[in-house]
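Derivation of every value follows stated rules applied to the coordinates shown; laboratory data play no part. These numbers come from a predicted model, not from an experiment. So basically every Cβ, Gly included, is an ideal-geometry build from the backbone, and we count neighbours across all protein chains shown.
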Amino acid sequence: MTNEGLPEEATPASRWPARAPRSTPELIVELQVRATALTLAAIAVVRHDVTQFVFAIDDDPLRKLNALIAAGGHPIGLVGARIGGGTVEYHSHPFVEYRDNPDAVAYLQTLRVPFLTLLRTHVDRMPDNPRWN
């Protein structure tokens, strides 16, 4: 997955959050709260041309998030999906630090297909195992 929707380091305002970033434990709390309404939820962490996900169901999401940030990643928001009634709904939510950055908001939307593909690989790890055909 690439971050074509996010500008390269052209200007500080285009890449960095609009306000001071919250702590990683605060981001994990937001992930866990939003995950209660979704089948699967994750933090999207962007680094150069790669996006990685920190899932709420990961064994140690805080450790994984800290490692991705230490490697130069930027957590820009949450992505998730809800499965029910034979449908799959994709959801994205930029973190407050990025909500006024149109490139970040648009980029989260480009993650729909890659995220839903990953959803299929994580479905067996989910407690309720909500399979669909």
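Ordering 104-113, 74-83, 32-41 by mean Cβ neighbour count within 10 Å, with the highest value first, yields 74-83, 104-113, 32-41. Here is the P(r) of segment 21-125: all C-alpha pair distances, binned every 5 Å from 0, give 2, 13, 26, 26, 21, 8, 3, 1, 0 in whole percents.
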